[in-house]
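J.: One structure follows; several queries about it will come next.
The values are calculated or read from the model by the stated rules, or taken from the named source; none is laboratory data. Nothing here was measured: the structure is a model prediction, and the numbers come from that model. Positions of Cβ are backbone-derived with ideal geometry, glycine not excepted, and every protein chain shown enters the neighbour counts. SASA here: full protein model, heavy atoms, side chains in, ligands and nucleic acids out. Shrake-Rupley method; radii C 1.70, N 1.55, O 1.52, S 1.80 Å.
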Amino acid sequence: MNTIWHSLSIIILKYRKLFLTGVAFLALFMGFMATKLQVSSELPKILPQSDSRFQLYESFKKRFGEDGSVMVVGVETDKMFQLKFFQQWQDLSLKIKSVEGIKGVVYAGNVPKIIKNDSAKRFDTKALIAQRAVSQAEVDSVKSQLDNLPFYKGFIINETGNVHLMMVTFDQKAINDQARVRAVKKIKEIVSQFEEEQKTDLHLSGMPFIRTEMTAQITEELGTFIVLALLVTMLILVAFFRSFKVMFFALIVVIIGIVSSLGIIVLFDYKVTIISGMIPSLIVVIGVPNTIFLLNKYHEEYAEHGDKMLALKTTIEKIGQTLFLANVTTSIGFGVFAFTGSTFLSEFGIVAAINVMLTYVVSLIFIPLVFSYLAPPSEKQTSRLESGKITKILMEVDVWVNTKRTVIYSIILVIVGLSVWGMSQIKSVGYIVDDLADDNPILTDLQFVEKNFKGIMPFEVAIDTYEAGRVTGSPELLTKIKRMEKEFAKYPEFTKPVSIVTAAKFLYQAHRGGDPKYFVLPGIDELSKLREYNSSAKGKEDFTKGFIDSTKRYTRVSFQISDCGTVRTNQIVKELQPKVDSIFNYNAENNEFYKKNDKRGYDAEITGNSVIYAWQNDYLQGNLIESTLQAIVLICLIMALLFRSWKMVIISTLPSLIPLLITAGLMGFFDIHLKYSTILIFSIAFGISSDGTIYFLTRYKDELLNKKKTVKQAISETILNTGVSMFYTAIILFTGFFIFTASTFRGTQSLGILVSITLLMAMICNLVLLPAFLMTLNKKESEGLLG
């Protein structure tokens, strides 16, 4: 292995112009590819395609369209039915309707009303008002008609009558396209103008709006964090190396890494998602340590003998190998996500893992070769390795490792014990509008809607009757749906349902002259009378189109639910699904439960956007825990190959595992929930933490075996020399991740705080606990383990 790296160092320096040209070509090519970058507008597909729940939801969307396609505009006012305000509300609806990508707008004035047409033996549907109101009498008429339509109470207008919603339905072609983003932007402009003119606040919510705004805010923040990470890194590099040249060329390496990460996304025909958009920021803080270790070794070697080219060759040979192993462990930390079965995480893992190694290669080539053309480091630059506060701190660490190991072990045991207890307090829960600050408009507007209308998150029951035409030909189905709706009504999280039962109630109310007391499901005899009219109902297709498929085999019952969290949503599904199964498939007379595909029963399954989110959150947690364990196992195997001793594997793994325990404990203590944004921390942080272990052990191995030093001397030399680079790296990583605490998203804040703490603890463990373990072993054991 050493011969390979020796030969590689010679080749890189001999053909330096060729290698630098290759780096320049890579940067230009990736830069060109990055110009073709596209941002994904679709909901993340986290469940694997083989998952039956995913297949159910996808088949549901194919039949009925996207369930999360309605945006709402809410207003709290007592002036709605005053002519001037009502006219402005109508005008607002027309302006929104004219926006490209909007299919329809429903508000208090144009909600459908069903009229019985006796002469034509049919039901006609029409809006409460078909044109812009010109008199107060027309507005009063709208209010009077609306008061007689009980369905809309709690749906378009709240129970107290002072909050109104405008329902904006997006075209199915636009809902997962950039057209949705443009439409939401235009609607915001229109709404803002209305607010200014009317001196009133409007509240925007609904899945299209939430998706668009959260993506926009996260994307904007990620761009800001890249800039902040670069600025912080630049300042720290200048402070540490006392050289603008070092800062400048390290910056070039990082920029090539950022551009390459975007180019790789395009090369793999991926689109930028919320999670893959984090990669450029991660590359900034992960890529810089390569430069730090290369330059510190170069300065150290040059200070020893004064030969620049020999110092660079030794740097490539010694540090190149160490950095290779360190970057492999970091790459594994990301790469394990490729095996989760989730497209969303797999793309992130593949791009991040490749880019970590690509940035390493660029660093290994670019930094030594650029400095081969520059003047040797000054005495001022090399003297920093042996002076200053960092060296004093490291000397104190060396004293502790040599004289106070019992104290070190005792402190670690207490911290681990507290961390294990804290870890037991962790809660696992996620929300669709997760992590938003309390004053974020997305959250406050959603809370406004939930307060007045319970919820807007789609919750569906998909019903398969097994036979074409059975939906409209089975009174029994209506009765079963009614029973099911009564079960759902026991849960305060749900809004009123919309289904074919709703349609039947509307028709019956119209059939009985519009009296609101007849907004009920009629008996079988009355249903047969309705069928005579319903068969020729004008506008009937539009009225039931969204709830019955073209074959009349499938139907749906649509609810809206509050964003009550994944735990509560899963609990509701767990409680309701057996009741739904019983209602649709249990024959009480024969005490028989119909099996699936038995045409005497029905297949009724809960699905919908909110349900899928809860399932995805659980799936993510399970798979990310599995990914973390995979990363630990793979990195342990690398340690085993490197040191060929399972005892050394344990010794080298503990300093990386303990920081994860501490982080998990802090999550429990501070009530930071376990969800996809926080569980990512563990496998990523373990991969990065292992880098420090490799840096330390490879230097220790070299000092002990090649330079024939005693265990005490080898450890002291490693602490005082590699410790400097590890300290610089830890500060870069800590501050690089800590900038994420400036985010307006709590998940991103938690990511920044927890990764920063994890990496800082990892440095402490690698500089204190790891050498303490090694000192506990005698020289013979150490030589045997490292052999």
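J.: In the stretch 254-314, which chymotrypsin sites (Phe, Trp or Tyr not before Pro) fall in coil by DSSP and have 15 or fewer other Cβ atoms within 10 Å? Please list the in-between numbers first.
T.: On the way: sites: 268, 270, 293, 298, 302; in loops: 268, 270.
Passing sites in the stretch 254-314 are 268.
J.: Tell me, what is the FRET efficiency for residue 406 and residue 671 to the nearest 0.05, using R0 = 51 angstrom and their Cβ-Cβ distance as r? Please list the in-between numbers first.
T.: Working: r = 35 Å, r/R0 = 0.68.
E(calc), rounded to 0.05, equals 0.90.
J.: Rounded to the nearest whole Å³, what is the per residue volume of the convex hull around the Cα atoms of the stretch 376-506?
T.: Working: hull volume 46.4 nm³, N = 131.
Hull volume normalised by residue count: 354 Å³.
J.: Let me ask another. Quick one: if the Förster radius is 56 Å, what FRET efficiency do residue 483 and residue 141 give, using the C-beta to C-beta distance and rounding to 0.05? Walk me through the intermediate numbers first.
T.: Values: r = 37 Å, r/R0 = 0.66.
After rounding to 0.05, the efficiency reads 0.90.
J.: Averaging the inverse of every distinct alpha carbon separation and then flipping it gives the Kirkwood radius. What is it for the stretch 58-132, in angstrom units?
T.: On the way: mean 1/r = 0.0663 Å⁻¹.
One over the average 1/r among Cα pairs gives 15.1 Å for the stretch 58-132.
J.: I've got another one for you. Tell me the mean residue ellipticity at 222 nm calculated for the chain from its helices only (DSSP H runs of n ≥ 4, each -39500 (n - 2.57), averaged over every residue, nearest 500).
T.: Values: 27 runs with 499 residues, N = 787.
Value at 222 nm, helices only: -21500 deg cm²/dmol.
J.: Continuing with the same structure: For the chain, take the longest principal axis of its alpha carbons; what is the angle in degrees between that and the long axis of helix 441-453, to the nearest 10 within 0 to 90?
T.: With both axes taken from Cα atoms, the answer is about 30 degrees.
J.: Further question: Cβ neighbours within 10 Å, averaged per peptide: list 87-95, 317-325 in order, most packed at the top.
T.: Working: 87-95: 17.4, 317-325: 21.6.
Sorting 87-95, 317-325 by mean packing, highest first, produces 317-325, 87-95.
J.: How far apart, in nm, are the 7 Å Cα→Cβ label points at residue 644 and residue 396?
T.: Distance between the two pseudo-spin positions: 4.1 nm.
J.: Same structure again: In whole angstrom, note down how far apart the Cα centers of the stretch 170-222 and the stretch 338-360 are.
T.: Each part reduced to its Cα centre gives a spacing of 31 Å.
J.: Follow-up. Enumerate the amide H contacts of residue 341 below 5 Å, restricted to partners 5 or more residues apart or on another chain; note that Pro and chain-start residues carry no placed amide H.
T.: So residue 341 has HN proximity to no qualifying residue.
J.: Given contacts defined as C-alpha pairs under 8 Å and at least six residues apart, what's the relative contact order of the stretch 656-787, whole-number percent? Provide the component values of the computation, followed by the final result.
T.: Working: 124 pairs, mean separation 45.3, N = 132.
Averaging sequence separation for qualifying contacts and normalising by length gives 34 percent for the stretch 656-787.
J.: If you don't mind, there's one more thing I want to ask. Out of the stretch 143-201, which GluC sites (Glu not before Pro) are coil in DSSP terms and have no more than 13 other C-beta atoms within 10 Å? Write down the numbers at each step before the final one.
T.: Details: sites: 159, 189, 195, 196, 197; in loops: 159.
Hits after loop and neighbour filter: 159.
J.: Relative to the first principal axis of the alpha-carbon coordinates of the chain, what is the inclination of helix 279-305, with its axis defined by its Cα atoms, in degrees from 0 to 90 and to the nearest 10?
T.: Here the helix axis deviates by roughly 0 degrees.
J.: Between the stretch 295-310 and the stretch 1-73, what's the alpha-carbon centroid distance in Å?
T.: 38
J.: When Rg is the radius of gyration of the Cα atoms in the stretch 202-340 and Rh is its Kirkwood radius, what does Rg/Rh come to?
T.: Numbers: Rg = 19.3 Å, Rh = 17.5 Å.
A ratio of 1.10.
J.: Skip the ligands, DNA and RNA, and give the accessible area per residue of the chain with a 1.4 Å probe, whole Å².
T.: On the way: 33280 Å² over 787 residues.
Per residue, the chain has 42 Å² of solvent-accessible surface.
J.: If packing is taken as the average number of other Cβ atoms within 10 Å across a peptide's residues, how do 131-144, 621-634, 688-701, 480-493 rank, most packed first? The partial results should precede the final answer.
T.: On the way: 131-144: 13.9, 621-634: 18.6, 688-701: 25.4, 480-493: 16.5.
Going by the mean number of other Cβ atoms within 10 Å, highest first, we get 688-701, 621-634, 480-493, 131-144.
J.: Can you work out the Karplus-derived ³J(HN,Hα) for every residue in the stretch 422-429? Use 6.51 cos²θ - 1.76 cosθ + 1.60 with θ = phi - 60°, whole Hz, and x for glycine or proline.
T.: x, 4, 5, 8, 5, 9, 10, 7
J.: Would you mind calculating the relative contact order of the chain from Cα pairs under 8 angstrom and at least 6 residues apart, reporting the percent as a whole number?
T.: Working: 1199 pairs, mean separation 140.5, N = 787.
The normalised contact order for the chain reaches 18 percent.
J.: Which entries in 482/552; 62/451; 454/595 show an alpha-carbon gap greater than 27 Å? Present the calculation step by step, with values, prior to reporting the outcome.
T.: Values: 482/552 19 Å; 62/451 32 Å; 454/595 35 Å.
Violating the 27 Å limit, Cα to Cα: 62/451; 454/595.
J.: Working out 0.36 nm times the residue gap between residue 124 and residue 38, then minus their Cα-Cα distance, what length gain in nm do you get to one decimal? All intermediate terms of the calculation are to be shown ahead of the outcome.
T.: Details: separation 86, 0.36 × 86 = 30.96 nm, distance 4.63 nm.
Difference between extended and current length: 26.3 nm.
J.: Considering Cα pairs under 8 angstrom that are at least six residues apart, work out the relative contact order of the stretch 439-521 and quote it in whole percent.
T.: Details: 39 pairs, mean separation 17.5, N = 83.
Reported as a whole number, the value is 21 percent.
J.: Starting from the Kirkwood radius over alpha-carbon pairs of the chain, derive D by Stokes-Einstein at 10 °C in a medium of 1.306 mPa s and give it in µm² s⁻¹.
T.: Details: Rh = 30.0 Å.
D = 53 µm²/s.
J.: Report, in listed order, any pair from 271/574; 318/701; 392/712 with a Cα-Cα distance greater than 23 Å.
T.: Details: 271/574 35 Å; 318/701 12 Å; 392/712 18 Å.
Too far apart for the 23 Å limit: 271/574.
J.: To two decimal places, what compactness ratio does the stretch 95-193 give when its Cα radius of gyration is scaled by 2.2 N^0.38 Å? Write down the numbers at each step before the final one.
T.: Working: Rg = 16.1 Å, N = 99, 2.2 N^0.38 = 12.6 Å.
Dividing the Cα Rg of the stretch 95-193 by 2.2 N^0.38 Å gives 1.28.
J.: Once you order the gyration tensor axes a ≥ b ≥ c over the Cα atoms, which shape class does the stretch 202-262 get: rounded for a/c under 1.5, otherwise prolate or oblate by comparing a/b with b/c?
T.: Details: a/c = 7.15, a/b = 2.81, b/c = 2.54.
Because a/c hits 1.5 or more and a/b exceeds b/c, the stretch 202-262 counts as prolate.
J.: Taking 0.36 nm per residue of sequence separation and subtracting the Cα-Cα distance, how much length would be gained by fully extending the chain between residue 244 and residue 375, in nm to one decimal? Intermediate results must be reported in sequence, preceding the final value.
T.: Numbers: separation 131, 0.36 × 131 = 47.16 nm, distance 1.35 nm.
Length difference between fully extended and current span is 45.8 nm.
J.: Between residue 24 and residue 8, what length in nm is gained on full extension when 0.36 nm per residue of separation is reduced by their alpha carbon distance? Write down the numbers at each step before the final one.
T.: Working: separation 16, 0.36 × 16 = 5.76 nm, distance 1.99 nm.
Here the segment from residue 24 to residue 8 would lengthen by 3.8 nm.
J.: Also: Holding the Cα-Cα limit at 25 Å, pick out from 116/505; 36/173; 121/173; 126/486; 84/153 the pairs that are longer than that. Mind dumping the intermediate values first?
T.: On the way: 116/505 13 Å; 36/173 22 Å; 121/173 37 Å; 126/486 29 Å; 84/153 23 Å.
Where the Cα-Cα span goes over 25 Å, the pairs concerned are 121/173; 126/486.
J.: What's the angle, to the nearest 10 degrees (0 to 90), between helix 566-585's Cα axis and the longest principal axis of the chain?
T.: Between the helix axis and the principal axis of the chain, the angle is about 40 degrees.
J.: Here is a further query. Given that compact globular proteins tend to follow 2.2 N^0.38 Å, what is the ratio of the alpha-carbon Rg of the stretch 611-686 to that value? Present the calculation step by step, with values, prior to reporting the outcome.
T.: On the way: Rg = 14.7 Å, N = 76, 2.2 N^0.38 = 11.4 Å.
Normalised by 2.2 N^0.38 Å, the Cα Rg of the stretch 611-686 equals 1.29.
J.: Determine by what factor the alpha-carbon radius of gyration of the stretch 1-130 differs from 2.2 N^0.38 Å, reporting the quotient.
T.: Details: Rg = 30.9 Å, N = 130, 2.2 N^0.38 = 14.0 Å.
It is 2.21.
J.: Here's something else I'd like to know. Residue farthest toward the positive end of the dipole of the chain, with Cβ of Lys/Arg at +1 and Asp/Glu at -1: which of 498, 520, 668?
T.: Checking the options against the dipole of the chain, the answer is 668.
J.: Send over the Kirkwood Rh of the stretch 653-787, from the inverse of the averaged 1/r over different Cα pairs, rounded to one decimal Å. Walk me through the numbers before you get to the answer.
T.: Values: mean 1/r = 0.0636 Å⁻¹.
Computed over the stretch 653-787, the radius equals 15.7 Å.
J.: Let's test the formula: R0 of 25 Å, r as the Cβ-Cβ distance of residue 532 and residue 476. What FRET efficiency results, to the nearest 0.05? Numbers along the way, then the final one.
T.: Working: r = 19 Å, r/R0 = 0.78.
After rounding, the FRET efficiency stands at 0.80.
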